[in-house]
Protein chains: 2
Amino acid sequence: MPPEVVSLAEKFALFSEHWSPKIVGEVNESYVKLVKLKGEFVWHHHPNEDEMFLVVKGRLLIETPGKDLLLDPGDFVVIPMKLEHRPVAKDEVEVVLFEPKSTLNTGNLENERTRTKLERL
Amino acid sequence: MPPEVVSLAEKFALFSEHWSPKIVGEVNESYVKLVKLKGEFVWHHHPNEDEMFLVVKGRLLIETPGKDLLLDPGDFVVIPMKLEHRPVAKDEVEVVLFEPKSTLNTGNLENERTRTKLERL
């Protein structure tokens, strides 16, 4: 199957729910996911996976124990494995995630925010 | 070391040469690289690595044997391993690459376009 060009804007337009990552691409052992965030998430960490956040729209705060990270559109950060973090979005934020296929959105926790069997757009 | 927020625009402003990827981040077994393209590259493939191109600025054509892929800002494509491809940029294009650390820019070829020991920005 030949590769398909994916428009981030077109894919973001396909959903409105928050905190529910969608798979839009696959690169080796990683997924490219899109997620819309609004409000506060839970503190968590990923035991074995680094996680990359690239902000496309809005302003994202990622709290870590030692430092608050503030991301505007066109900014990215890599949260290394094992580091506790909590994403906070005062207003809606659109984010591209790059992370291993094994990554669970709530990392070391399983709770009502956990999403498994992610939708593919 | 706490994670650092990286501005794509600030990093792109640090260099002007074409076809010479710079490393700006590390996520698990992959690098995040920035590259400026202008003109035609060589036909090549990556024997073992998928390669993701995300266009930030300008318009990128990626030729493949069966299909021409045209990417505008905010578009991405994943070129699967083993697929022959040739990036072509009529005017300057700014691209974010997401690929395994082992990936060589000219893939299966080593020639005057090959870049090893990539600079970190």
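Bear in mind these aren't lab numbers, they're just calculated from the coordinates by the rules spelled out. Remember, predicted model here, so these are calculated numbers, not experimental data. Here the Cβ is made from the backbone with ideal geometry for all residues, glycine too, and neighbour counts use every protein chain on show.
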Q | Residue list for region B:29-67, restricted to those being within 11 Å of the chain's Cα centre (by Cα), among the β-branched types (Val, Ile, Thr) and more than 10 Å from chain A (Cβ to nearest Cβ) | A | B:VAL35
Q: Scan (1) in a strand (DSSP E or B); (2) within 12 Å of the chain's Cα centre (by Cα) for the single condition A:ASN105 breaks and write down its number.
A: (1)
(Q) Here is a check on your reading of the model: is A:ARG115 surrounded by 13 or more Cβ atoms within 10 Å (Cβ to Cβ) and part of a loop (DSSP other than H, G, I, E, B)? (A) yes
Q | First in region B:66-77 and farther than 21 Å from B:TRP43 by Cβ, second anywhere and among the basic types (Lys, Arg), Cβ under 6 Å, 6 or more apart | A | B:ASP72/B:ARG59; B:PRO73/B:LYS57
Q. Which of the residues spanning region B:44-63 are farther than 17 Å from B:ARG115 by Cβ and of a type in the set (A, V, I, L, M, F, W, C)?
A. B:MET52, B:LEU54, B:VAL55, B:VAL56, B:LEU60, B:LEU61, B:ILE62
**Q.** Residue among A:VAL95, A:VAL78 that is more than 9 Å from every other protein chain (Cβ to nearest Cβ) and within 12 Å of the chain's Cα centre (by Cα)
**A.** A:VAL95
**Q.** Selection from region B:1-28 of residues that are touching a residue at least 60 places away in the same chain (Cβ under 8 Å) and more than 7 Å from every other protein chain (Cβ to nearest Cβ)
**A.** B:LYS11, B:PHE12, B:LEU14, B:PHE15, B:HIS18, B:TRP19, B:SER20, B:PRO21, B:LYS22, B:ILE23, B:VAL24
